[in-house]
Amino acid sequence: MTRGLRLIRDGVTAFALLALVALIAAKLNDAAKNEHMGAFHAADGDSLTLGAERLRLEGIDAPELNQSCEREGKAWACGRAAREALQGMVLASGTLCQGSRHDRYDRLLVICRSGAGGDINAAMVRQGMAISYGGYAKEEADAKAQKAGLWAGTFERPRDVRDHARQSSGFDGALHFIGRIVGWE
C-alpha cells in the first residue's frame, strides 16, 4: 500500500472513532437529564422542592432565607423577598426544571423554564433577586445598571453569609475551612 493511501485510511479511521465518541457522549448526556414538572415550592430564592425531591437552581446564588439587606438606609428582608419572587415564577403552569448533576447536598442542579419558555434562573438574576454564580453575567450586569433588587442598596454576598454562619459554629467552621483548602467546595 502506498503512503498516500495509508494516510487517507488512517484519517478516515480517526474521523470515524471521533464521531463514535461524540455520539456516545451525546447519548450519555441525554440519558442522564432529569425533568420535573409540577407544583414546585420555593424553599428559598434558589432552591425548590417537589414532593421529596430537592432542586437547586444552577448558576445563581440568592440571599439566605433569613438574610437582611440595606436599601435607602433601612434593612429589608431580601432573603424572603427572593423566595417570594421565585415562588411567583414557578407557580406559572408548565414550569419545567431540567438537570443532570447533583450538588454536594444531593440536590439536583436545574435550569427551570416557565410555560412561556423563559429561563427562570436568568429572570431571578435579572430582577436582582439573585447573583450570577455561573453563566448569567449579562443578566447581573443589567440588574446592576438598573439598580434592581439587591443592587438598589448594599448586601452581603450569600456565600459570605453562609461562610460567616459556618465559622461561628465552631467545629463546623473548622471543617468548612479545611474543605475549602482541599477543594470539597
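Observations, loosely collected:
- Residue match in the range 59-67 (condition: small (Gly, Ala, Ser), at pLDDT 95 or above and either touching a Lys or Arg at 6+ places or on another chain (Cβ under 8 Å) or closer than 22 Å to Gly153 by Cβ (or both)): yes
- Filter result for the condition that a residue is over 20 Å from Ala77 (Cβ atoms) and modelled with pLDDT of 90 or more, over Ala116, Ala152, Ala137, Ala92: Ala137
- Count of residues meeting criterion [part of a strand (DSSP E or B) and open to solvent by 50 Å² or more (accessible area, probe 1.4 Å)] in the range 72-93: 2
- Meets criteria (basic (Lys, Arg), modelled with pLDDT under 95 and in contact with a strand residue (DSSP E or B) (Cβ under 8 Å, 6 or more places away or on another chain)) for Arg83: no
- Filter result (in a loop (DSSP other than H, G, I, E, B) and open to solvent by 10 Å² or more (accessible area, probe 1.4 Å)) within the range 47-65: Gly51, Ala52, Glu58, Gly59, Glu64, Leu65
- Residues of the range 94-153 that are in a loop (DSSP other than H, G, I, E, B), open to solvent by 40 Å² or more (accessible area, probe 1.4 Å) and hydrophobic (A, V, I, L, M, F, W, C): Ala116 alone.
The values are calculated or read from the model by the stated rules, or taken from the named source; none is laboratory data. Because the structure is a prediction, the values reported are computed rather than measured. When we count neighbours, we look across all protein chains shown, and the Cβ atoms used for this are built from the backbone with ideal geometry, even at glycine. The protein model used for the area step is the full one, side chains on, heavy atoms only, and it has no ligands, DNA or RNA in it. Shrake-Rupley method; radii C 1.70, N 1.55, O 1.52, S 1.80 Å.
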